[in-house]
Each structure stands twice: as C-alpha cells, then as structure tokens.
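K.L.:
Please find one structure pasted underneath; my questions will follow.
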4 protein chains.
Amino acid sequence: MATMKEISETNVQPFAQIPMQAVGPFKLIGDVETDDLMVPMATYETPLWPSVARGARVAARAGGIRVTLIDERMTRSILLQAKHAGIAAQRLAEIKSRQEDIQEVVSQSSRFAKLLEMNSQVVGNLIYLRFEFHTGDASGHNMATNAADKIIPWLLAEYPDLDYVSISANYCTDKKVSAVNGILGRGKYVVCETTIPAKLCQRYLKTTPQALVDLHIKKDLIGSIVSGGLRTANAHVANMLLGFYLATGQDAANIVEGSQAINHAEVTPEGDLYFSTTLPNLIVGSVGNGKGLDFVLENLRLLGCADDSLPAGGNARRLACIAGATAFCGELSLLAAQTNPGELMQAHIKLERQHKA
Amino acid sequence: MATMKEISETNVQPFAQIPMQAVGPFKLIGDVETDDLMVPMATYETPLWPSVARGARVAARAGGIRVTLIDERMTRSILLQAKHAGIAAQRLAEIKSRQEDIQEVVSQSSRFAKLLEMNSQVVGNLIYLRFEFHTGDASGHNMATNAADKIIPWLLAEYPDLDYVSISANYCTDKKVSAVNGILGRGKYVVCETTIPAKLCQRYLKTTPQALVDLHIKKDLIGSIVSGGLRTANAHVANMLLGFYLATGQDAANIVEGSQAINHAEVTPEGDLYFSTTLPNLIVGSVGNGKGLDFVLENLRLLGCADDSLPAGGNARRLACIAGATAFCGELSLLAAQTNPGELMQAHIKLERQHKA
Amino acid sequence: MATMKEISETNVQPFAQIPMQAVGPFKLIGDVETDDLMVPMATYETPLWPSVARGARVAARAGGIRVTLIDERMTRSILLQAKHAGIAAQRLAEIKSRQEDIQEVVSQSSRFAKLLEMNSQVVGNLIYLRFEFHTGDASGHNMATNAADKIIPWLLAEYPDLDYVSISANYCTDKKVSAVNGILGRGKYVVCETTIPAKLCQRYLKTTPQALVDLHIKKDLIGSIVSGGLRTANAHVANMLLGFYLATGQDAANIVEGSQAINHAEVTPEGDLYFSTTLPNLIVGSVGNGKGLDFVLENLRLLGCADDSLPAGGNARRLACIAGATAFCGELSLLAAQTNPGELMQAHIKLERQHKA
Amino acid sequence: MATMKEISETNVQPFAQIPMQAVGPFKLIGDVETDDLMVPMATYETPLWPSVARGARVAARAGGIRVTLIDERMTRSILLQAKHAGIAAQRLAEIKSRQEDIQEVVSQSSRFAKLLEMNSQVVGNLIYLRFEFHTGDASGHNMATNAADKIIPWLLAEYPDLDYVSISANYCTDKKVSAVNGILGRGKYVVCETTIPAKLCQRYLKTTPQALVDLHIKKDLIGSIVSGGLRTANAHVANMLLGFYLATGQDAANIVEGSQAINHAEVTPEGDLYFSTTLPNLIVGSVGNGKGLDFVLENLRLLGCADDSLPAGGNARRLACIAGATAFCGELSLLAAQTNPGELMQAHIKLERQHKA
C-alpha cells in the first residue's frame, strides 16, 4: 500500500473547508430535554440553515420536539460456507445456542462490545450470519469488525466443516440501501414528533395542517412508492444528516441508510398538525474516527455530547436524538414550503443571494 | 425565515475542516484519457486513501481504467391532480405531445436547460410527471427546479382542469433510495472497467481472480439481495463518492442514489480478472453551489475539470468519469482485502496508526 | 424431454377443479361501460366472493366504477455481451436508431406484434435490452419471446462484436417482483375509482370515509413501506386477480407483478369517500393458452370479451378493465371490514360455514 | 353481504377445470427421503410439465435433490396507536415481556397455534406488532388471524392508552411483495440443492456447468438487480408454485411471496454443477381451506402428505419440501434451455403442439 508520505506529496489543501453554521434554537423533550440548543451543520447547500431553523422555531413554539430512542445496535455480518444446506442449518442452530461463548470471544476484542443477537440467512450452502452489538459511545463500525475478526477464527476452529468466505457479507449492511437495517436494526432508532397548532402553522410555516398532511401523503408516501423506493418516505432527510454528520465528525457515508426515514403526519381532531419523522438507522458516535479534531470536539461540547458524567453510550444516544430532531425540522420546513406554488424556488434564490452577499 | 445575521451569532467555526488528500496516480482510458491523475478525497475515514490508491495503481499497471459515459440528465417531477383518472390520462397525452411548447417555457428559466423527455405515473387521479433535462456543466438541481417552477403555472393555465399539488413529488427522486433513478436515469451514467492479469492481482492485491470473483458474487450480489437491497451490488461505493464529492464541492447528499452502483466481475478465458463498477446515478457538476470556494476551484483544476475550452457539459462529464474511477478503485481494493481473512482489520489498524503518527 | 405419453401414465385426475362463482353485479363507466355484469372467480378462498360482491354493490349504487386504461404493452429483455462498455454503448445507440429494421424482423414472427420501444441497461460489458410490443388480444408472452427469438440472430449478424448470453434477462420481467414493470410498463395499466357518499359507506360498508382513509394510509401505505414493500400499497389484490385469472384462462403466475397495485383514497370536501385502485401490470389476454377450454370461452363470453366485432386488442383491454374493477371491489370491501375490530374474523367464519352448508 | 343463494343464481360452471398432470419421478434426500415420487401440477401452461420432469430426471440421476427445511412460522401483524412514541416504546417493551400471558390468550383461539416471537416497528405514534406462530399442518392464515382477534381486545384492556387501528397492518405480510417475510420469516424456509456431474449436464440438459452458472449470474442475479427486484433471483419459480399449489389445494395467491426465491449455482472444483434454489417463503398446509376436495385429498395422498402417523406439522413440512423441489427442477431446466439460443422457443412450440395433438 501507499505510504502516507507518498500520498502527501501531492499539493492539495490538507482540509476541505465546508461552510458551517449553528442553527436553532431547538427545544427538545422526551429522551433528551433541552432548551435553546444550537445545532451546527456543515454543508455546501447553505439555504438549508434557515430552513431547518424555521422548523426548529415553530416546533419550539409548539412545546418542543419529542424525541424517543427506540433501539441501538451496530452490526457486522460474516459469510461462511458449508458442504450443503443441511450442515449449514445444523451448525447455525449450534452457533446460535452459544451466545455466551461468543460473547467471551468478543470481549477479547473490546471491553465495550456486547453481543445482543445473531440473525442469519441460508442461501444454498452459504451462511450469512449477522452479529448485533452494543458499542457504547462509538458508532461501532470498527468495534464490530474487530469482534467479527475474532469470532471467525474461533468459529472455524470449533466447526471445521465450515469455510471462510468473507468478513463482511453485505447482510450487515454498511452504507448501502437495504431493508435489513430497518427491520432488524442498525444504529440508533429515533422518533421525533410534535403537534403544532393550526395558528402556528399559519404564522411560521405559511400553510395549514390539512395542506401539509395532504402533500405529505401524495409526495412522501405515494410518490416514494411509485419511485420504487424502499423503506423511505421523506423529502430530504439526507441533507440534514449530511450537514449534522460533517459538523460532528461522523462517517457521513452512513447517510445512505440514514436517508431511509419515514414521515407520518395527520390532522388531529382539534384541527392541529401532528408531524413526525422516524429515523430507524441513525449511525452516530461521540468517540472514534473524526472526533479528535478541534472543531468537532467543540461542536460535541456545544451539543452536550462530550459529557463524561453520562453513562456509557449516553453521549451517542443524545447525539442521535439531536440528529433526528435536525432532520425533523428540515422535513417540516420543506414540506410546508412545497404546499405553496413558487415558494420553494423563491426562498432558494433569496437565501443564496443573502448568503453570497 | 431566519436572517443570516441571526444565524451567524452562534460561535461555531465558519468551516468544518475535513481531512483531504490527493490519491493516485490514476490512468484513465476511454471517454477520458489521462495518465498520472491525482484525485483529491476529503473524509474522516482516512484509511480510504491508501486503499483507493492501491486500486488505482494496479489498474494503471493493467493498462488503465476504461471509463464510458452512457447517459446524462437531471430530473424534477411535479405532482398535479385531475378530477378523475380519465381526465388525467387525456391531459397527460396532450402534455407529452407538446414537448416543443414546454421547451420554450423552460428556456425562459435558463439558457442551458434542455428538456429531453417526460415520464409519468398515474395513481388514482394523481399525475406524477417527471421532466428530464440536460443541464450543461451544472449538476442541475436548481436548474430543474427552476424550470419546473415555470412549467407549472403554464400547465395550470393551459389545462384548467388540473390542480397543483407539489413542485416535487418524490418521483424525481433526489437524495432518496429509488429504482426510478436507475431505470429512467438521473445524473451521469458511468461504467468503469479493467482486465487485470492474474500476476498483477497477486502482486498488488494479494489475491487471485477466482477468489475475488467468488467473493464478489457471494457478497455484492447474493449478500445485497438477501439484505433486501435495491439496485445495489457493491461493497462501499458511498465512501469513495463522499470523499470525492466533498473535495470537489458537490452536494454530497447525492451519495444516496450514487451508492446504488453495481459491480460485475468475471474470470476471463485467459484466467485474468475482469472487474467493473457501473454507476448509473453520479450527480456531479463543475459549476454551481460550492464550486466557488478556493480549494474546490483548485481541485477542479487539478482534475482538469475547470477547462473553458471544453464544450458545454464537458467538464461535468469528465468529473463524473473520474468520480466513477475513484469508486471503482476503492471497490477493487476492498474486495481484494476481504478475500483474505484478517487483512481488512489489520490494514485498518495499521493505517489509522500511521495517519495519527 | 419426457413425452406426453410417459407423463400421462400417472393416474391423477386430468383437471384440478377449483370452486367458481360469478359475483356482482358490476356497473362500470369510463373506458368500459356496462351494467349488471357478473364476474366469474375461481378460488379455494370462497369468502372472497361475497366480499367482492359487497364492493361491487356499493360502487354500483354510487354510480359505478370508473375504469381508465392508461397503457398496454408486453415485454421481453434479451442479454448480450460486448468486449467492453464503450462498444456496448455504441452498439446500443445504433440498435435503438433502427426501430424500423427491427420491426421488420418482428413482423416475420407474428402479424400482431408491433415494436413500441426499446429500453436498456448497461452493466460492465453486459447489455440488457428490453423490447416492448403491442400484442393484440394475446397477453403476449409467447409473441414477445418469439419476436426476440428472431431479433437475436439478426442482431448477432448485424453486430458481430456482440455475443449472445440469454433470450430472457430478468429485465423483462416475468412473474417476478420488480420496479421495472411499473416504471416502464408491462401488461395493461388500469385505474379504477369511485366516489362513495358517506351514507352509502355506512349502509353497505359499515364504516365512514374518514375511518377507511385513515386505515388505508396506516396499513396500505405506511404498513407496506415498513414491510420493505416495493411499489405495492394494497390489502389483497393478489386474491382477486388469482380468482379472475383462473376463471378466464390466464397465466395466473402473473399475479406476482399484478399484486404490485396501489390504492389511493381520500375524504372529499363534501365528506364522501374517494377510493381508487391503480393496477399498472395487469397481464391478461382473451386469446392464447388456456382460452380454448369450454368453461373459459363461456366466461369470456359472459364478460363480453369474446366479441369479434371489437378492434384488435379490444377484448383484452375490456378484460383488463374488468379484472381491475374486481380487484378494486375486493380492496374496498376488505379495508372497510378491517376498520371494525372483530368484523374480519366473524365474516370469515360465517361465510365459510354458509358455504360448507 | 350477498347470500350464497344470490351468487349461485348466475350460471357459470361450478368449477374451473385446470389441466393437471403428475410429473417426475422425483428423488429427494435430506429432510424428506423418497424415490420415484410423482408430483401433480395444475396449470394452463402445460409446457411446464416436461420441463419440470427433465429437471427431476437429471437430479435423480445425480443422486437426488437434497431438501433442507430451515424454519417454519405463520404471521399476522396488528396496528395500534399511542398518544406519542414515548408511550408506544414503553408499552411495546412491556408487551414483549409478557409472551406467556399472550400465549395463554392465543390458546383460547386454537390448540395448535403457538406464539414464537413478536417483532415490531414504531412509526411516529403507530405500533406495527408482528406475531409469529407455529400452526401445525395448517398454512395458518386463519389461525393467525383468529389469534390476533383474541389478542387485540386483551391488549386494549391491559393497556388502555393504546387504540385499535387494524387487525392486519401489512407488516405481516400476506400475498404482497416485501422484505420482511424473507428476513423475519413467513411460511416454510426450504433449500433444495444438487451437484450434477458435467456429463449428466450435457446428456440431460444439453449444456455445461460453466454455461449454466454464467447465465445464472447474469440473468438471475444481475438481471434481477437491474430490474429493481427485491429479494428475488430466479427465472420462473412462480410458475411451478402455481401448478403445485392449485394441485394441492393451497391458497395460490401466496405465490407472490413464494416467488421471492434465490438461486445459487457454481462450478465445483471437479468441474461439476452445484445448483440450488432457496425458497424462504413457502406457504403451504395439508389441512384447511381447499384440502377437503376429492382430487386434492388424492394428490396429498400421492405425495405422502396425508399421513396420520406423522407428528403435528409433519405433513405440511413434507409438502413444503416437495414444493421446493418442484420449483428447483423447473429452474434448473429453464436455465439450461436458455443457455442455448433458440432452444426455449422451439421447445415451447413443439410441446404445445404435442399437447394439443
């Protein structure tokens, strides 16, 4: 492989500088409680900032965004091969019955990684075996890979009639579109929701609950279905996640699975707007690659996600809830804008002009 | 909406600084011909650099990466509603027969935007109408939205029995998982391929053509299928696209559709490795948001994508081919590594250590 | 291969006898106009009959089911291979420019088959080339295959640098889940819709427009999305299509793509129920395999789909519209039942009891 | 609803008569062991019979088809609603901890239904709760629905802050395309596989292992991926399942999920053909609707699936293994045919002619 030295010889800037702003203020209730939180976002698409800020403002006025963390885990699937499916099925049953033994192997690789569950698929004589771990405050990619790296030789020694195919089998699945991540879980599973009185809708979002719900159904739901979407029902969650991930040192390629988020909205019996964004695959960490950079540390502190007094995993969970709330605000604001013909383009033009000025 | 002033008051750094390196050298043949091209990539996942460089090096030794640009277009779908499907069908037929009239409307919004085709879906009384444009050297999001913004009032005036629902209907579809983008096209469609002699495989990739093809089939193809993937068959294309997009001022949220790439590999009759990466949805531009930043301009120049002598769209096409080649190299290198138990993790650890040192 | 004689020696009954009833009466308006049409359905799931009949009855009272035929075509994709993608792209461009030449080749295989369009995908050096045909009153599987069988040797002769891989490449796609069939079209594309006054909802369906719409959104739309569905948003369209297909001599394995149908419902400003079922992939024919059986001929006559006075394709189009309406009625009725806790199971038990009595 | 009397008044034949033949002989090894088994198939597409028979014959000569049953379960998802996601998450955790209590409720609905697992999705304030049951020899649709019908009022009484939305929420999912059925399981999960010496390939299938594997990769795998398929990688599994299901009294609309099967093939180190078909969602029963008809009983006896001496569920498991083997033979035979230009169409024409004669 190339040495760092060789690579460094080419004279590009040592850093790409992505425009960054803190937007808000955010008021969160539920699994994270905070007032006046400012959230940094780094993006070339700067009209995103005021759009998210508008969502945050109306949600705060409506009592805040309720964030609920449903689940958390990081996964890695390995790929083994047997002589035939009969052996594959038998070995799988044995392996699944030995969770404690495997946890012991995992413990050699990290003191944080805890094996939660194993799921599998058999295709012909192939075994796709997916390990799910708790990984503390790390997003856990490397922890899971490292654990798999220890598990594989142990499995091959215990079951000599199984052969190695791959340490990663795309049934994990990392940074690729899938259904498995949503159904079995990968990353943090966060729900964000608010009920916004019709009056606030009008004042801040220039729309009505009925208009927004109607658009949401025809665009987010039916539009995504006709596009041949997969477990996706939102307007532009990827935008907000990208901005948040870059600002907080995350591996932003994970916006691929993060983008598979689902909005749900309805008009309440009182005529108000219930709006929610469900993000089943928020992959974030408060430690690990990228977190040692000064501006990242600063941003994590700003968000209250560099707090040593929290229990293991607490900073990452808080980070996930804030990431979800940021996506929620961008969704709410853009959908509102699209209920009004012409508003989207006018806002874009105006804001880009302001920003350049 | 919030003014820029309000937002700026929060004291975060004005830029997120993402580590950046130029990797290579790349040798390209086919629709772009170049030797010794260095490609900048910005990412927190720095082990990516030497991995991509390894792929570039072996491909160069094997004669270079053949890049073929199959197609290019940018899209926006609008959403209209009729009284019933009978009217929707009739109006759609009329609208589709008036491509010239609509091009005239489009021309008012931009001198670059050229309407290529219209595709549609009818669901009940709803009309999802997808416009496809050539957009020159811009990725074209705004150009397409702006064109739609002009088309809508014109359509509503011409066909008063149609109602506005949305300027964007998720049948476009932007930054979301879909099948429509791959089937009807969105962005540049690029194929990258090389045939690598078995000897070079062994020397540079520490693997054999048969081992790599075998892994590719079981991981990229079958593994993606069992994961419930959608038009996706690769290992980590999102990683390379993220790094390339950030370094060249692209809207990196478009890695969502970019990630839906398909590898194809086989052992040739001569026992060598044919390897290819097909990227049907590379959304890139050499002008537009983000391209005015100094380091971006510099990187575009380094890549030969700020060349005024090229015809309209030529810089963006070249950029897309290079983006594809970068993804290709990362795929080749990672798949090779995964054929060898233990190599992936060891490489990761070693490289992170080097980089930190 | 086995001869028919060998096979016949095993003593099973020469026919599977599937219970069959005519249900209705159906009132259709739009592209088919008819009162009091009875529709035969063959199925082991006999509670389906009264359920569909209930839907038909309420729709008739509400003015009938509006049926709109949006499109029709049958497809076959072939698979060729080039030395590299550059050649593949060039040959594809040439082939697509020669639609008239190819139509001439197609004409040798059938006087009904008309080539409508060609679509393609390039993956590495592979060419997936999808031909779309009008096939008159036949569903067209064999006509399309036969045409492809003539096109292939012609293409290989014209373009000696292309190699044969397969006469069917799964980009057609027949009897398999896909997005391509919905997006590019395969079979008849039919929309069925009715607006049902709230009073009739209550009297016939024991529910309210709001309750049904609410259930539809949470079950058909969101439920299908979380299940990892693909271009599917209905309750049980496959059931009705199976019954209709078996009764009319269709190749019922095509319910796989037929099942990918999309309901859309809303409460009108007047408080009534707009309900629609969109079926983009209804593969039916009034001639061909299975149509020569006596009971099938009788059923086609009952439906008015064995009418020699209609233009070519007219009988098949009428058949598709009726198939769609049958699915629509089953959807309406089941969704209504599921709005009421307990109704579904009680109806099932009662009806199975009645039928057995 | 319509009475049976009203419906019967229309004069269609009381039965659709679908052509039926027994094909084989099949040799099975593994979880079912049998020689010379003849398998009845009912279909309008009669060329299917000799094609399946050819596959059976070569597999028998190669030592038989190894069948492995990996899993079995039937599911029903219900849909509940909470005030907000925080309550939904809490109630879900409580409900999942009470599996024994729920089993007691289930026991009131059937003595066969055993609750295996609960899986869930939260979207905003909605709860999609999927129950998985063992259902003995029944396919279990009604048993699962009946169990859900008992569980719902119990849940609503225990947790008064949850509201009823639907007894079926499309997260089950029945007769619709999904990823959830493959990932979490629904029906029987069966793998069928054989290694066929190259000589037998040539003699019976007129092809080579390499040619068949090559076609399989480019058609079943890559072709399905570019078509936007979902967890599907086969040629025409739906055809064989339809024929088998109609002949054995199954609810044939379940071929929708059954069609989502995955072939895997490779050339062994000895140059032979390893071929497998994996069917994760075979929904079959040996008792229940449709099984009381005389010809169905006769066919079940022929298959050895009406054997009172087997343990509960044993007849259904045997039936699933045979269904899978039937699909396997049809896959093997068709893929072999498609490796040879022209063979597919010639065989079709010849066989239809024979059959009509």
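The values are calculated or read from the model by the stated rules, or taken from the named source; none is laboratory data. Quick caveat: nothing in here was measured; it's all calculated off a predicted structure. Positions of Cβ are backbone-derived with ideal geometry, glycine not excepted, and every protein chain shown enters the neighbour counts. Please note that ligands, DNA and RNA were not included when accessible areas were found on the heavy atoms of the full protein model with its side chains. Shrake-Rupley method; radii C 1.70, N 1.55, O 1.52, S 1.80 Å.
K.L.:
If you check D:Asn170 against the conditions, is it open to solvent by less than 10 Å² (accessible area, probe 1.4 Å), assigned to a loop (DSSP other than H, G, I, E, B) and in contact with a Gly (Cβ under 8 Å, 6 or more places away or on another chain)?
P.N.:
Yes; evaluated as a whole, the condition is true for this residue.
K.L.:
Could you grab me the full set of residues in the range D:195-224 that are within 24 Å of the chain's Cα centre (by Cα) and open to solvent by less than 10 Å² (accessible area, probe 1.4 Å)? Before the answer, list the steps.
P.N.:
Residues of the range D:195-224 that are within 24 Å of the chain's Cα centre (by Cα), as a first pass: D:195, D:216-217, D:219-224.
Selection gives D:His216, D:Lys219, D:Asp220, D:Leu221, D:Ile222, D:Gly223, D:Ser224.
K.L.:
Tally the residues that are in a helix (DSSP H, G or I) and out of contact with any strand residue (DSSP E or B) (no Cβ under 6 Å at 6 or more places or on another chain), restricting the search to the range D:245-255.
P.N.:
So in the range D:245-255, the residues in a helix (DSSP H, G or I) come out as D:245-247, D:252-255.
Remaining after also requiring out of contact with any strand residue (DSSP E or B) (no Cβ under 6 Å at 6 or more places or on another chain): D:245, D:252-255.
Residues meeting the conditions: 5.
K.L.:
C:Thr248 passes all but one of (1) hydroxyl-bearing (Ser, Thr, Tyr); (2) within 20 Å of C:Ser178 (Cα to Cα); (3) touching a helix residue (DSSP H, G or I) at 6+ places or on another chain (Cβ under 6 Å); which number fails?
P.N.:
Unmet condition: (2).
K.L.:
Let me ask something else. Would you mind telling me which numbered condition in (1) in contact (Cβ under 8 Å) with a residue 12 or more places away in the chain; (2) away from chain C (no Cβ under 12 Å) D:Glu33 fails?
P.N.:
Of everything listed in (1) in contact (Cβ under 8 Å) with a residue 12 or more places away in the chain; (2) away from chain C (no Cβ under 12 Å), D:Glu33 misses just condition (1).
K.L.:
Among the residues of the range B:239-257, how many are under 23 Å from B:Arg301 (Cβ atoms) and open to solvent by less than 10 Å² (accessible area, probe 1.4 Å)? Walk me through how you get there before you give the answer.
P.N.:
First, the residues of the range B:239-257 that are under 23 Å from B:Arg301 (Cβ atoms): B:240-252, B:254.
Filter once more, so that each one left must be open to solvent by less than 10 Å² (accessible area, probe 1.4 Å): B:240-250, B:252, B:254.
Total satisfying the criteria: 13.
K.L.:
Sticking with this one: Please go through the range D:139-167 and give me each residue that is of a type in the set (Gly, Ala, Ser) and either open to solvent by less than 20 Å² (accessible area, probe 1.4 Å) or facing another protein chain (nearest Cβ under 9 Å) (or both), ordered by number. Working first, answer last.
P.N.:
Taking the range D:139-167 first, the residues of a type in the set (Gly, Ala, Ser) are D:139-140, D:144, D:147-148, D:157, D:166.
Residues satisfying the conditions are D:Gly140, D:Ala144, D:Ala147, D:Ala148, D:Ser166.
K.L.:
Would you say D:Gln108 is open to solvent by 30 Å² or more (accessible area, probe 1.4 Å) and within 30 Å of D:Leu293 (Cα to Cα)? Give the steps one after another, and end with the answer.
P.N.:
Numbers: open to solvent by 30 Å² or more (accessible area, probe 1.4 Å): yes; within 30 Å of D:Leu293 (Cα to Cα): yes.
Considered against the rule, which asks whether it is open to solvent by 30 Å² or more (accessible area, probe 1.4 Å) and within 30 Å of D:Leu293 (Cα to Cα), D:Gln108 comes out as yes.
K.L.:
For the range B:99-115, check the following and say yes or no: at least one residue is aromatic (Phe, Trp, Tyr) and modelled with pLDDT of 95 or more. Lay out the reasoning, then the answer.
P.N.:
Quick first cut of the range B:99-115, residues aromatic (Phe, Trp, Tyr) only: B:112.
Subsequent filtering for residues that are modelled with pLDDT of 95 or more retains none.
No - not one qualifying residue is present in the range B:99-115.
K.L.:
For the range A:179-188, check the following and say yes or no: at least one residue is surrounded by fewer than 24 Cβ atoms within 10 Å (Cβ to Cβ) and on the phi < 0 side of the Ramachandran plot. Don't jump to the end; show me each part of the working.
P.N.:
First pass over the range A:179-188, keeping only residues surrounded by fewer than 24 Cβ atoms within 10 Å (Cβ to Cβ): A:184-185.
Now narrow it down to the ones that are on the phi < 0 side of the Ramachandran plot: A:184.
Within the range A:179-188, one or more residues are surrounded by fewer than 24 Cβ atoms within 10 Å (Cβ to Cβ) and on the phi < 0 side of the Ramachandran plot.
K.L.:
Tell me, yes or no, whether the range C:116-132 has at least one residue that is of a type in the set (D, E, K, R) and open to solvent by less than 30 Å² (accessible area, probe 1.4 Å).
P.N.:
Among the residues of the range C:116-132, at least one is of a type in the set (D, E, K, R) and open to solvent by less than 30 Å² (accessible area, probe 1.4 Å), which makes the answer yes.
K.L.:
Can you list residue pairs whose Cβ atoms sit under 6 Å apart, with the first residue in the range C:223-238 being farther than 22 Å from C:Glu45 by Cβ and the second being polar (S, T, N, Q) and part of a loop (DSSP other than H, G, I, E, B)? Count only pairs 6 or more apart in sequence or on different chains.
P.N.:
Partner pairs satisfying both residue conditions: C:Gly228/D:Ser178; C:Arg231/C:Gln260.
K.L.:
Count, please, the residues in the range B:265-309 that happen to be open to solvent by less than 10 Å² (accessible area, probe 1.4 Å), outside any helix (DSSP H, G or I) and either free of Cβ contacts under 8 Å to residues at least 40 places away in the same chain or among the β-branched types (Val, Ile, Thr) (or both).
P.N.:
Taking the range B:265-309 as the starting set, the residues that turn out to be open to solvent by less than 10 Å² (accessible area, probe 1.4 Å) are B:265, B:273, B:275-285, B:296, B:299-300, B:303, B:305.
Narrowing the set further to residues that are outside any helix (DSSP H, G or I) leaves B:265, B:273, B:275-285, B:303, B:305.
Keeping just the survivors that are either free of Cβ contacts under 8 Å to residues at least 40 places away in the same chain or among the β-branched types (Val, Ile, Thr) (or both) gives B:277-278, B:283-284.
Looking only at that region, the number is 4.
K.L.:
Conditions first: (1) under 27 Å from B:Ala82 (Cα atoms); (2) basic (Lys, Arg); (3) touching a helix residue (DSSP H, G or I) at 6+ places or on another chain (Cβ under 7 Å); (4) more than 10 Å from every other protein chain (Cβ to nearest Cβ). C:Lys199 passes all but one, so which condition is the exception?
P.N.:
Condition not satisfied by C:Lys199: (3).
K.L.:
Separate question: Any residue at all in the range A:183-191 that is among the hydrophobic types (A, V, I, L, M, F, W, C) and away from every other protein chain (no Cβ under 13 Å)? It would help to see each step written out before you state the result.
P.N.:
Initially, the range A:183-191 is screened for residues among the hydrophobic types (A, V, I, L, M, F, W, C), giving A:183-184, A:190-191.
Next, only the ones that are away from every other protein chain (no Cβ under 13 Å) stay: none.
No, the range A:183-191 contains no residue that is among the hydrophobic types (A, V, I, L, M, F, W, C) and away from every other protein chain (no Cβ under 13 Å).
K.L.:
Can you say whether D:Arg318 is open to solvent by 10 Å² or more (accessible area, probe 1.4 Å), in contact (Cβ under 8 Å) with a residue 60 or more places away in the chain and part of a helix (DSSP H, G or I), as far as the supplied structure shows?
P.N.:
On the way: open to solvent by 10 Å² or more (accessible area, probe 1.4 Å): yes; in contact (Cβ under 8 Å) with a residue 60 or more places away in the chain: yes; part of a helix (DSSP H, G or I): yes.
For D:Arg318, the condition - open to solvent by 10 Å² or more (accessible area, probe 1.4 Å), in contact (Cβ under 8 Å) with a residue 60 or more places away in the chain and part of a helix (DSSP H, G or I) - is met.
K.L.:
Answer yes if at least one residue in the range B:222-245 is modelled with pLDDT of 95 or more and either basic (Lys, Arg) or not assigned by TED's automatic domain parsing to the domain that holds B:Val23 (or both), and no otherwise.
P.N.:
Looking only at the range B:222-245, we keep the residues that are modelled with pLDDT of 95 or more, and these are B:222-245.
Cutting the leftovers down to either basic (Lys, Arg) or not assigned by TED's automatic domain parsing to the domain that holds B:Val23 (or both) gives us B:231.
Yes.
K.L.:
Might you check whether a residue that is at pLDDT 95 or above, touching a Phe, Trp or Tyr at 6+ places or on another chain (Cβ under 7 Å) and not assigned by TED's automatic domain parsing to the domain that holds B:Ala320 occurs anywhere in the range B:180-201?
P.N.:
There is at least one residue in the range B:180-201 that is at pLDDT 95 or above, touching a Phe, Trp or Tyr at 6+ places or on another chain (Cβ under 7 Å) and not assigned by TED's automatic domain parsing to the domain that holds B:Ala320.
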